[in-house]
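Following: one structure in structure tokens, then a few remarks.
The values are calculated or read from the model by the stated rules, or taken from the named source; none is laboratory data. This one's a predicted model, so the numbers in the text were calculated from it and none came from an experiment. Cβ atoms come from the backbone with ideal geometry, glycine included; neighbour counts cover every protein chain shown.
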Amino acid sequence: MKETQRVLRRAKKEEAFVRHLFFVFSLVAIFTTLGIIGMLFFESFLFFRKVNVLSFLTDTQWTPLFYEKHFGILPLLCGTFLTTSIAVLVAAPLGILIAIFLSEYATPRTRNICKPILEVLAGVPTVVYGYFALLFVTPLLKRVIPSLAGFNALSPGIVMGIMILPLVSSLSEDAMHAVPQSLREAGYALGSTKFEVATKIVFPAAFSGVTASFILALSRAIGETMLVTIAAGSMPQLTLNPLVPVMTMTAFIATVSLGDVPAGTLEYQTIFAVGLVLFLFTFFLNLIARRLRQRFREVYQ
Amino acid sequence: MKSALGTDMLLVRKRQKEKVFLVLATLALLFSLVVLFTLIIDAFLDGLPRLNLKFLTSFPSRKPEEAGILPAMVGSIYVTVLTTLFAIPLGVGSAVYLEVYAPKNRLSAAIEASIATLGGVPSIIYGMLGLELFARVLQLGRSLLTGALTLALLVLPIVIVSARESLRTVPQSLWEAALALGATRWQALKDQILPVAFPGILTGIILTVSRAIGEAAPLIMIGALTYVAFLPRGVLSPFTTLPIQIFNWVSRPQKAFHANAAAGIIVLLAVTLSLNALSIVLRNRLEKRAPRTL
């Protein structure tokens with residue numbers, strides 16, 4: 001009897017210990033989030049005590065490391081906008097085509113071969129994509145467009161599009177897979193062909209999920225660092241020309257930190273101000289995508 | 001008769017549209033396949049002549065033909081092992097807490113929201129956190145430990161999400177059976193639930209490891225060196241990793257260094273792609289996809 005009580009007491013103690021331990025573990029996520037937000041706002045606050053917010057947002061030059069300093073983030077935003085919009089222009093149509101095909105046409109066998117290949121594409125380290133963009137795609141494009149600079153937005157943009165393609169295709173395919181079979185059957189009963197069902201019923205029904213996949217892919221592209229640092233150059237320019245060197249927000253942060261900037265200096269705080277802008281962009285894009293996917297789930301599940 | 005002919009024409013046109021679509025979709029799939037193979041073949045063509053035992057066992061050098069990736073490989077192994085040691089208990093523990101123990105309250109909702117937010121934070125921002133928190137405030141400097149802690153925070157959301165998914169696939173009946181026999185929830189977890197969920201959790205872990213090995217941006221932020229002529233001595237030692245060494249070589253103008261980068265890429269791809277393949281094989285064995293809902 002006493003023995004049983006002892007065992008029970010120990011089991012209860014263990015249970016309580018584990019519950020508390022795992023609770024503490026799960027708090028790490030909260031502290032990390034708070035840490036990121038706190039650090040970005042704190043260092044940016046120090047930055048904005050020295051640099052006018054208005055000139056940060058409207059100045060058209062970004063020369064924080066020059067003698068005559070300008071802190072206009074527009075050229076960096078421009079670089080990020082160029083590379084990411086090219087990436088989405090590549091990934092969105094390809095991703096939708098692949099998603100409709102895999103969800104509505106492919107046999108399970110075909111799907112089981114195609115999806116892993118796409119996933120492998122997503123598993124390639126981004127330095128490798130950088131190498132590929134700089135030393136394979138850019139020289140290749142140069143044969144077609146002789147005026148293309150060695151560093152440019154076009155080539156890393158295209159390669160980034162291929163990098164985020166699996167994200168678009170797999171999330172869109174999930175959304176289409178979740179469209180109820182009854183909708184398809186209703187279409188067939190009215191005499192629709194398979195193609196009509198796919199494009200006029202399934203695709204519109206999954207539209208919010210497909211949009212969410214674009215937004216998530218966009219957010220991933222905005223935060224991508226190595227690919228653009230290697231292949232897009234390091235020249236902040238206010239331009240929409242994809243053929244010349246640009247500099248993205250991420251490339252600026254990476255390039256400055258390569259140079260070993262001492263903490264507390266204006267240069268050091270600069271990367272946090274840019275980091276804050278980068279964080280806000282990705283944060284709101286992810287929020288929108290989550291909302292869209294939630295709405296989609298509420299309708300069909 | 002006339003209208004029937006019209007319907008036929010309409011159907012023919014519809015079939016044509018469908019055919020165009022199928023051709024385009026196949027081309028899209030082929031395109032991604034071609035890109036993947038071009039990328040691999042390109043790296044092999046450029047790097048294979050440089051890839052030999054001496055390359056794997058030498059230190060970096062100013063002369064490209066003498067340079068090697070030994071410290072980078074050793075650094076990558078150290079960082080990855082340490083990252084996994086931090087991230088797996090934290091991630092699986094958090095997943096268990098959220099799936100099994102968490103009460104429905106504001107704090108749990110805040111934890112959920114944090115994990116969702118962290119999943120979308122760009123990796124370079126984790127690097128900034130590592131630089132500020134681990135390297136500066138905690139005075140760990142540009143060490144292996146700083147790098148591993150930073151990467152552990154970076155992969156944490158991935159581990160948590162995948163571990164939760166595998167915990168959810170365990171049949172409810174298993175829980176009920178264990179609890180009905182008087183087991184505490186931890187006893188049920190330890191002896192019944194976790195063993196069943198283990199292959200799924202393992203798949204997530206393998207993907208995590210692959211991600212950690214390929215990651216470069218956050219490590220550049222915390223100041224992992226790009227030129228290291230020694231092997232790491234202990235967790236507080238400075239270090240470099242394979243992706244950073246590759247980045248360093250790619251950024252140089254000389255062609256000979258590009259060949260070194262390509263050779264490094266072959267090694268990196270061999271590791272990350274086989275880990276990816278392994279996790280896909282594992283998952284395909286486990287996963288029976290839910291049929292479409294009616």
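So the values come out like this:
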quantity	calculated
Candidate set: segment B:37-69, residues that are among the polar types (S, T, N, Q) and within 30 Å of A:E119 (Cα to Cα); chosen: the one nearest to the other protein chains (Cβ to nearest Cβ)	B:T38
Any chance A:F136 is farther than 26 Å from A:T199 by Cβ and within 8 Å of chain B (Cβ to nearest Cβ)	yes
Positions within segment B:203-259 being at the interface with another protein chain (Cβ under 10 Å from one of its Cβ atoms) and among the charged types (D, E, K, R), in sequence order	B:R211, B:E215, B:K255
Matching entry among A:S85, A:S103, A:S55 (being touching a helix residue (DSSP H, G or I) at 6+ places or on another chain (Cβ under 9 Å) and over 30 Å from A:K194 (Cα atoms))	A:S85
Verdict on A:F45 being closer than 24 Å to B:L107 by Cα, outside the structural domain of A:A263 (by TED's automatic domain parsing) and of a type in the set (F, W, Y)	no
Residue check for B:L236: touching a Leu at 6+ places or on another chain (Cβ under 9 Å), in a loop (DSSP other than H, G, I, E, B) and within 23 Å of B:I88 (Cα to Cα)	yes
Unmet requirement for A:S219, which otherwise passes all of (1) surrounded by fewer than 20 Cβ atoms within 10 Å (Cβ to Cβ); (2) small (G, A, S); (3) within 30 Å of A:L148 (Cα to Cα)	(1)
Selected residue (only one of B:V96, B:V74, B:V100, B:V81 is under 30 Å from A:F25 (Cα atoms) and crowded, with 21+ Cβ neighbours inside 10 Å)	B:V96
Checking A:S147 against (1) hydroxyl-bearing (S, T, Y); (2) under 28 Å from B:N276 (Cβ atoms); (3) more than 14 Å from chain B (Cβ to nearest Cβ), the condition it does not meet	(2)
Which listed residue, of B:S108, B:S32, B:S94, is part of a helix (DSSP H, G or I), polar (S, T, N, Q) and in contact (Cβ under 8 Å) with a residue 60 or more places away in the chain	B:S94
Members of segment A:181-210 that are touching a Leu at 6+ places or on another chain (Cβ under 6 Å) and either buried (at least 24 other Cβ atoms within 10 Å of the Cβ) or of a type outside the set (A, V, I, L, M) (or both)	A:Q181, A:S182, A:S208
Total residues in segment B:143-187, condition under 30 Å from the mean Cα position of the chain (by Cα) and within 14 Å of chain A (Cβ to nearest Cβ)	21
Number of positions in segment A:212-270 that are aliphatic (A, V, I, L, M), at the interface with chain B (Cβ under 8 Å from one of its Cβ atoms) and part of a loop (DSSP other than H, G, I, E, B)	1
All positions within segment B:147-195 that are more than 20 Å from A:A29 (Cβ to Cβ) and of a type in the set (S, T, Y)	B:T169, B:S173, B:T184
Selection from segment B:103-151 of residues that are closer than 30 Å to A:R19 by Cβ and among the basic types (K, R)	B:K104, B:R106
So B:P232, is it touching a residue at least 12 places away in the same chain (Cβ under 8 Å) and crowded, with 24+ Cβ neighbours inside 10 Å	no
Residue check, A:L46 within 14 Å of chain B (Cβ to nearest Cβ), under 25 Å from the mean Cα position of the chain (by Cα) and closer than 15 Å to A:G275 by Cα	no
Failed item, numbered, when B:T38 is tested on (1) at pLDDT 90 or above; (2) surrounded by fewer than 19 Cβ atoms within 10 Å (Cβ to Cβ); (3) in contact with a Leu (Cβ under 8 Å, 6 or more places away or on another chain)	(3)
Boolean, B:S173 is surrounded by fewer than 23 Cβ atoms within 10 Å (Cβ to Cβ) and either in contact with a strand residue (DSSP E or B) (Cβ under 8 Å, 6 or more places away or on another chain) or on the phi > 0 side of the Ramachandran plot (or both)	no
Enumerated helices (runs of 4 or more DSSP H) restricted to segment A:88-206, each holding at least 2 residues that are within 15 Å of B:V35 (Cβ to Cβ)	A:108-123, A:126-132, A:138-144, A:154-177
Where A:L21 falls short, out of the listed (1) closer than 20 Å to A:S257 by Cα; (2) within 14 Å of chain B (Cβ to nearest Cβ)	(1)
Single residue of B:L131, B:L118, B:L85 found to be more than 9 Å from chain A (Cβ to nearest Cβ) and of a type in the set (A, V, I, L, M, F, W, C)	B:L85
Selected residue [of a type outside the set (F, W, Y) and crowded, with 22+ Cβ neighbours inside 10 Å] from B:I88, B:I160	B:I160
In segment A:61-86, the residues that are under 16 Å from A:V244 (Cβ atoms) and of a type in the set (S, T, Y)	A:T80, A:T83, A:S85
Tally of residues being within 21 Å of B:S94 (Cα to Cα) and in a helix (DSSP H, G or I) across segment B:175-185	2
Test: residue in segment A:55-74 that is under 26 Å from A:T229 (Cβ atoms) and within 14 Å of another protein chain (Cβ to nearest Cβ)	no
Filter result for the condition that a residue is modelled with pLDDT of 85 or more and touching a Cys at 6+ places or on another chain (Cβ under 8 Å), over A:L102, A:L121	A:L102
